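Input: a single structure, listed below in structure tokens.
The values are calculated or read from the model by the stated rules, or taken from the named source; none is laboratory data. Since this is a predicted model, take the numbers as computed values, not measurements. Using ideal geometry, Cβ is built from the backbone for each residue, glycine included, and neighbour counts are taken over all protein chains shown. All accessible areas refer to the heavy atoms of the entire protein, side chains included, with ligands and DNA or RNA removed. Shrake-Rupley method; radii C 1.70, N 1.55, O 1.52, S 1.80 Å.
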Amino acid sequence: MQQSKFFPVLVTLIALVVVAVAAAAGWRIVRGDGSLLRDVSVQHERITPNADGSDDITLISYDLAGNATVSIYFEGTDGERYYFRRDEPRGAGEYEVYFSGVVDGYRLPGEEVQGQILARLLQDGDYIWVVEASGEGPRNERATGHLTIAEADAALPEIRDFSLSRHT
């Protein structure tokens, strides 16, 4: 039985290819797919933030492969953005935050309010949720989905003649 001169070379090449594929697969398992923002999810597609104890909140979770600046906001059907988190610095890791429908303050069209609105409950409606992560260089990624706000107790409370006094 005579073996070809090329048989050891062929076996060596096949072995190198197998090792290279295994190393690439291992790298991908350990380091992920190269994306900055991963595994983004919003637990419920509909919340009813009316303090009745049923579907009042939803869990937002995401994973960062590296340091990033993260924003979470909701876009209304009119294109308006309502920020829950804006440009928050985050390190690599897994994150979870509960969302109850409260976003940065905003005014409704034609609304007259004295003072500043710091936070406010979103109005009933359909929104697109957006989680954006901006890393070093051109690493900007985003994930989106749908969220419906229903049965919200969205009336803005008014506090008048508020004062603090110190009793000694």
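A compact table of results
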read-out: The chain, helix-only ellipticity at 222 nm - DSSP H runs n ≥ 4, -39,500 (n - 2.57), divided by all residues, nearest 500; value: -5500 deg cm²/dmol
read-out: Overall form of the chain per C-alpha gyration tensor (a/c, 1.5; a/b vs b/c); value: prolate
read-out: Debye, to nearest 20: dipole size of the chain, +1 on Lys, Arg Cβ, -1 on Asp, Glu Cβ; value: 1220
read-out: Surface per residue (accessible, 1.4 Å probe) for the stretch 114-168, Å²; value: 78
read-out: Sparse-neighbour loop sites [GluC sites (Glu not before Pro); the stretch 55-142; at most 14 other C-beta within 10 Å; DSSP]; value: Glu80, Glu111, Glu112, Glu136
read-out: Calculated diffusion of the stretch 70-168, Stokes-Einstein form, Kirkwood radius summed over Cα pairs, 10 °C and 1.306 mPa s, µm²/s; value: 100
read-out: The stretch 48-57 - phi-based ³J(HN,Hα) in whole Hz, Karplus 6.51/-1.76/1.60, Gly and Pro as x; value: 10, x, 10, 6, 8, x, 10, 6, 6, 9
read-out: With Cα atoms, 0 to 90° folded angle of helix 7-31 axis to the chain main axis; value: 10
read-out: Solvent-accessible area, 1.4 Å probe, carbon plus sulfur percent, for the chain; value: 52
read-out: Solvent-accessible area of Val19 with every protein chain in place, 1.4 Å probe, in Å² to the nearest 10; value: 100
